[in-house]
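Student: First the structure, which I've put down as structure tokens, then a few questions once you've had a look.
Read the figures in this text as sums done on the coordinates, not as results from a lab. Values in this document were obtained by computation on a predicted structure and should not be read as measured data. Note that each Cβ is placed from the backbone with ideal geometry, even for glycine, and that neighbours are counted across all protein chains shown.
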Amino acid sequence: MRKWLLAGVVLAALAVVVVVAVRMLMPPPDDLDLARSKPSDGGTYVVSVEPEAEPVERGELHAWIVTVALPDGSAVADAELTVDGGMPQHGHGLPTAPASAGHIGDGRYRVEGVRFNMGGWWVLKFGISSPAGDDTAEFNLVL
Amino acid sequence: MIGMRPLPLLIVLLMALALQACSREDFSEDEKALIGQLRLSQLGPLKPDPSNAVADDPRAAAFGEALFFDTGFSVDGTVSCATCHLPERQFQDDRPLARGIGTTDRRTMPLAGASHGQWFFWDGRKDSLWAQALGPMEDAREHAGNRVAFAHRVERAYRDEYEAVFGPLPVLSGLPDEASPLGTAAQQEAWDRIGDDRKTEIDIVFSNLGKALAAFQRTIVHEETRFDRFAEAVIAGRRPEGDAEFNSLEVEGLKLFIGKANCIDCHNGPRFTDEFFHNTGVPAVAGLAGDRGRAQAVEQVLADPFNCMGPYSDAKEEECEELRFMVRDSPEMEGAFKTPSLRGAANRLPYMHAGQIATLEDVIDHYSAAPAAPGGQSELRGVIFTDRGRAALVALLKTLD
């Protein structure tokens, strides 16, 4: 009985070591959703994102274009956007404080001041406010 | 080997061959991509500095070089920029804490390639190299000079050099010998008595000294290293030859660096730095006040009259992107310091922002132990190194000399 208990403890300890090791090595999850267009978290909008220029270079300050539409496809021209994000596996945020420079037509917004200072899995989170409602949308990218 | 029997000898030879093979070991495509980004050849040309109209003017650089070595820009004629930034020592001084007129609370930073960064000093309290250069000149522990005395010295010793780059010097007659808003009590009183227009004229001269010093520092570049020759060969699919060949320990160090040791997270790109701020739990220095690093620098850079958006900057406000999009209030910036470049670091001990860690081996032990930070939250998550792993990382870092 005691032997089994000991084996259990050893196995549990090993499991912890493996979990920690996997977290340390940290490739992004295989099933990471890399979609660049999706409904917002509450379904109020359909949000699409793309960097202003591809490819996104590590370390370079650059802009993204965020397109906001209603589920019926009509453009949202009067939204206020906030930007947040970071690296989930590192537990840190963005190295800059990007901001929306406002609506540039057809539901498109230019978000300036984005920088990714490391390779790996990044998340960009947008808060969207308009008369249609407040909602959020989150996008993953791997650099 | 003498007296060794054939079988063990064969095993030893096979092991030696295996080790040799390691030095030409293939890297995975992912590893190659990471190695490729670290090559010096990937460091693009210096970006223009819109806040400094003479940043790339060779006359400004020549003037700045003269200023850099001139001890006349200090309180007692004993300190120049080169006192701490020694050219023969990678423009740093090998001391834990820099020593000018007095002793500072930070380690002198090397200058090669520094102009590729966005923030200056260990905490980034300056947003340009020219604004940075002004700090030590008036710091009581460094040059302990003052801006009115500097203007007088320019008039006496550098009028032609100055005016060729910046146009006519203002009239300095009637000004006190010494005055500055940051100087001694007497200098501050003298400054207060100067009219606003003349203060602005002095500040323009002072900022121009910084701009000339920055133009000079923009010419201080990284040299190619063994690492670069090795990496170029790996990327080109060639066998590294001559000194470009890595031994098995160096290859192992490189694999650790870009792999499970996670060094490349922050020490990335051709300068081996992400040019950003991280709390790595470096111990406080006994006798020095707690150093909050980046957290205390944010307000300083915003309040700095010599920042990119200030009246002495040549940039339009919209060009000041770093300042505009600066992270202002993040708990992650508490106790965070700038990631230093690792180029030349092996020959540049002691380490960290106040020289707290004596040797490279100790640095790696620090990353392994990942102690709690004296303030804020350390980002380190402790990677356990074997003795060989530690030796491998040290061997890799030496290839960057």
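Student: Magnitude of the Cβ-charge dipole of the protein assembly as shown, K/R +1 and D/E -1, about the Cα centre, nearest 20 debye? Intermediate results must be reported in sequence, preceding the final value.
Tutor: Working: 52 positive and 80 negative charges, 422 e Å.
Around 2020 debye, computed over the protein assembly as shown.
Student: Still on this model: So which residue, out of B:L111, B:L288, B:L43, gets the largest mean-square fluctuation from a GNM of chain B using Cα contacts under 10 Å as springs?
Tutor: B:L288
Student: Can you list the residues of the stretch B:130-174 with backbone N under 19 Å from a point 7 Å past the Cα of B:E189, pointing along Cα to Cβ?
Tutor: B:146-149
Student: Given the options B:A303, B:A315, B:A215, which has the most mean-square fluctuation in a GNM of chain B, springs set between C-alpha atoms less than 10 angstrom apart?
Tutor: Top of the fluctuation ranking is B:A303.
Student: What do you get for the angle between helix B:58-68 and the principal long axis of chain B? Use alpha-carbon atoms, 0 to 90 degrees, nearest ten.
Tutor: 90 degrees
Student: If I model the stretch A:24-131 as equal point scatterers sitting on the Cα atoms and use the Debye formula, what is log10 I(q)/I(0) at q = 0.17 Å⁻¹?
Tutor: So the normalised log intensities work out to -0.83.
Student: Based on DSSP H runs of at least 4 residues, each adding -39500 (n - 2.57), what is the mean residue ellipticity at 222 nm of the protein assembly as shown after dividing by all its residues, to the nearest 500 deg cm²/dmol? Provide the component values of the computation, followed by the final result.
Tutor: Details: 17 runs with 187 residues, N = 544.
Rounded to the nearest 500, the figure is -10500 deg cm²/dmol.
Student: Let me ask something additional. Taking beta carbons within 10 Å but only from partner chains, what does the mean come to for residues B:67-76?
Tutor: Numbers: counts 0, 0, 0, 0, 0, 0, 0, 0, 0, 0.
Neighbouring Cβ atoms belonging to other protein chains average 0 per residue here.
Student: Pairs of alpha-carbon atoms within less than 8 angstrom and 6+ residues apart define the contacts here; what relative contact order does the stretch A:37-142 have, in percent?
Tutor: On the way: 258 pairs, mean separation 31.3, N = 106.
Normalised by residue count, the contact order of the stretch A:37-142 is 30 percent.
Student: Label B:D196 and B:D365 with points 7 Å out from Cα along Cα→Cβ: what is the distance between them in nm?
Tutor: 5.9 nm
Student: If a paramagnetic tag sat 7 Å from the Cα of A:D84 along the Cα-Cβ line, which residues of the stretch B:326-345 would have the backbone N under 13 Å from that point?
Tutor: Hits in the stretch B:326-345 for A:D84 at 13 Å: B:330-331.
Student: So which GluC sites (Glu not before Pro) in the stretch B:203-237 end up in coil per DSSP with only 13 or fewer other C-beta atoms within 10 Å? Before the final figure, lay out each step's value.
Tutor: On the way: sites: B:E223, B:E224, B:E232; in loops: B:E223, B:E224.
The qualifying sites are B:E223, B:E224.
Student: Using alpha carbons only, how many angstrom separate the centre of the stretch B:236-261 from the centre of the stretch B:51-109?
Tutor: Cα centroid of the stretch B:236-261 versus Cα centroid of the stretch B:51-109: 36 Å apart.
Student: Same structure again: Normalised by the residues of the stretch B:96-211, what does the relative contact order come to in percent, with Cα pairs under 8 Å and at least six apart?
Tutor: Details: 139 pairs, mean separation 28.1, N = 116.
Contact order relative to length: 24 percent.
Student: What whole-number distance in Å separates the alpha-carbon centres of the stretch A:122-136 and the stretch B:149-211?
Tutor: Cα centres, the stretch A:122-136 to the stretch B:149-211: 51 Å.
Student: Can you give the extra length, in nm with one decimal, that the chain gains between B:L172 and B:R239 once fully stretched, where that is 0.36 nm per residue apart less the Cα-Cα distance? Intermediate values should be presented prior to the final figure.
Tutor: Values: separation 67, 0.36 × 67 = 24.12 nm, distance 6.40 nm.
The span from B:L172 to B:R239 would gain 17.7 nm if fully extended.
Student: For the pairs B:K126/B:K316; B:K211/B:K398; B:K211/B:K338; B:K316/B:K338; B:K126/B:K260, note any where the Cα-Cα span goes beyond 29 Å. Numbers along the way, then the final one.
Tutor: Values: B:K126/B:K316 17 Å; B:K211/B:K398 34 Å; B:K211/B:K338 22 Å; B:K316/B:K338 26 Å; B:K126/B:K260 34 Å.
Over 29 Å Cα-Cα: B:K211/B:K398; B:K126/B:K260.
Student: With only Lys, Arg, Asp and Glu charged, each at its Cβ (+1 for the first two, -1 for the last two), find how big the charge dipole of the stretch B:58-217 is about the Cα centre; round to the nearest 20 debye.
Tutor: Working: 17 positive and 24 negative charges, 68 e Å.
Using only the charged Cβ atoms, the result is roughly 320 debye.
Student: Give the peptides B:94-107, B:234-247, B:336-349 in descending order of average Cβ contacts within 10 Å, highest first. It would help to have the intermediate numbers written out before the result.
Tutor: On the way: B:94-107: 18.3, B:234-247: 14.4, B:336-349: 21.4.
Top of the packing list down: B:336-349, B:94-107, B:234-247.
Student: Over the protein assembly as shown, consider all pairs of different Cα atoms and compute the Kirkwood hydrodynamic radius from their mean reciprocal separation; express it in Å, one decimal. Display every interim value, and only then the final one.
Tutor: Working: mean 1/r = 0.0382 Å⁻¹.
After inverting the mean inverse Cα-Cα distance, the result is 26.2 Å.
Student: Separate question: Please report, in debye to the nearest 20, how large the charge dipole of chain B is about its Cα centre when each Lys and Arg carries +1 at its beta carbon and each Asp and Glu carries -1 there. Walk me through the numbers on the way to the answer.
Tutor: Numbers: 42 positive and 62 negative charges, 233 e Å.
Its charge dipole is roughly 1120 debye.
Student: Relative to the longest principal Cα axis of chain B, at what angle does helix B:387-398 sit, 0 to 90 degrees, rounded to 10?
Tutor: 50 degrees
Student: Of B:V75, B:N268, B:S173, whose Cα points farthest to the positive end of the dipole of the protein assembly as shown (charges on the beta-carbon: +1 Lys, Arg; -1 Asp, Glu; origin at the Cα centre)?
Tutor: Toward the positive end, the furthest listed residue is B:N268.
Student: Pick from B:A212, B:A286, B:A112 the residue whose mean-square fluctuation is largest in a GNM of chain B, springs joining Cα atoms under 10 Å.
Tutor: Evaluated over chain B, the most mobile residue of the options is B:A286.
Student: Expressed in nm to one decimal, what extension gain is obtained for the pair B:K316 and B:T71 from 0.36 nm per residue of sequence separation less their Cα-Cα distance?
Tutor: On the way: separation 245, 0.36 × 245 = 88.20 nm, distance 3.40 nm.
Length gained between B:K316 and B:T71: 84.8 nm.
Student: May I ask you to derive the relative contact order of chain B, considering only C-alpha pairs under 8 Å and at least 6 residues apart, and to give it as an integer percent? Don't skip to the end; give the middle numbers.
Tutor: Details: 698 pairs, mean separation 87.6, N = 401.
Relative contact order of chain B: 22 percent.
Student: Within 10 Å of each Cβ in peptide B:315-328, how many partner chain Cβ atoms are there on average? Round it to a whole number, please. Intermediate values should be presented prior to the final figure.
Tutor: Working: counts 0, 0, 0, 2, 0, 0, 5, 4, 0, 6, 12, 4, 5, 1.
Per residue, the average neighbour count from other chains is 3.
Student: What is the mean number of Cβ atoms from other protein chains located within 10 Å of the Cβ atom of each residue in peptide B:271-279, rounded to a whole number? Write out the running numbers ahead of the final one.
Tutor: Working: counts 1, 0, 2, 8, 4, 7, 2, 4, 1.
Mean shielding by partner chains, rounded to a whole number: 3.
Student: I want to check the label-to-label distance for A:A99 and B:L302. Put each point 7 Å from Cα in the C-beta direction and report it in nm to one decimal.
Tutor: Between A:A99 and B:L302, the label points sit 1.1 nm apart.
Student: Related question: Mind checking the angle between helix B:360-369 and chain B's longest principal axis? C-alpha axes, 0 to 90 degrees, to the nearest 10.
Tutor: Between helix and principal axis, roughly 80 degrees.
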